[in-house]
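Following: one structure in structure tokens, then a few remarks.
The values are calculated or read from the model by the stated rules, or taken from the named source; none is laboratory data. Keep in mind that this is a model prediction, so the values were computed, not measured. Positions of Cβ are generated from backbone atoms using ideal geometry, with glycine treated the same way; all protein chains shown enter the neighbour counts. Only protein heavy atoms, including side chains, enter the accessible area calculation; ligands, DNA and RNA are left aside. Shrake-Rupley method; radii C 1.70, N 1.55, O 1.52, S 1.80 Å.
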Amino acid sequence: QVQLVESGGGLVQAGGSLRLSCAASGRTFSNNIMGWFRQAPGKEREFVATIRWIDTYTDYSDSVKGRFTISRDNANNTVYLQMNSLKPEDTALYYCAARDGLGFSRRISAFGYWGQGTQVTVAS
């Protein structure tokens, strides 16, 4: 079955950078959209970025556009989220997710596979 395992979270000062990784296994993902979502304490889970595996076309939320970059490594079946110029408001539990099909969506309900999450804390 599909497994998504996140890593790379941690504590960083404002203005710093982190790179999250999502190791995907269980099948090939050429017909999938891969995404990152986040959930801050007391808030709903929200869309961050997605990438279409087959052509690496991407979509970003306005709050991270220009600071975060989503990418994928086909050989290692891994999706990355490079986060630069981090702000305290980026503090959250970050989840990797996968959606069957090639159509983009920002809805949580559109993604059927989820990892356990990795914590990112940005200190001011």
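Testing V2 on (1) modelled with pLDDT of 95 or more; (2) open to solvent by less than 50 Å² (accessible area, probe 1.4 Å), one condition comes back false. Which one is that?
Here V2 clears every test but (1).
Suppose we filter segment 9-29 for residues that are open to solvent by 50 Å² or more (accessible area, probe 1.4 Å) and closer than 17 Å to D55 by Cα; how many remain?
Qualifying residue count for the region: 1.
With the requirement that a residue be part of a strand (DSSP E or B), surrounded by 15 or more Cβ atoms within 10 Å (Cβ to Cβ) and either free of Cβ contacts under 8 Å to residues at least 24 places away in the same chain or among the charged types (D, E, K, R) (or both), what does segment 73-111 give you?
Across segment 73-111, the qualifying residue is only R99.
How many of the residues making up segment 30-53 are surrounded by 14 or more Cβ atoms within 10 Å (Cβ to Cβ) and more than 23 Å from R67 (Cα to Cα)?
Here the count works out to 1.
For I54, all conditions in the list (1) out of contact with any helix residue (DSSP H, G or I) (no Cβ under 8 Å at 6 or more places or on another chain); (2) more than 18 Å from S105 (Cα to Cα) hold save one; what is the number of the exception?
It is condition (2) that I54 fails.
Residues that are touching a Lys or Arg at 6+ places or on another chain (Cβ under 6 Å) and touching a residue at least 24 places away in the same chain (Cβ under 8 Å): list the strands (runs of 3 or more DSSP E) wholly contained in segment 1-40 that include at least 2 such residues.
32-39
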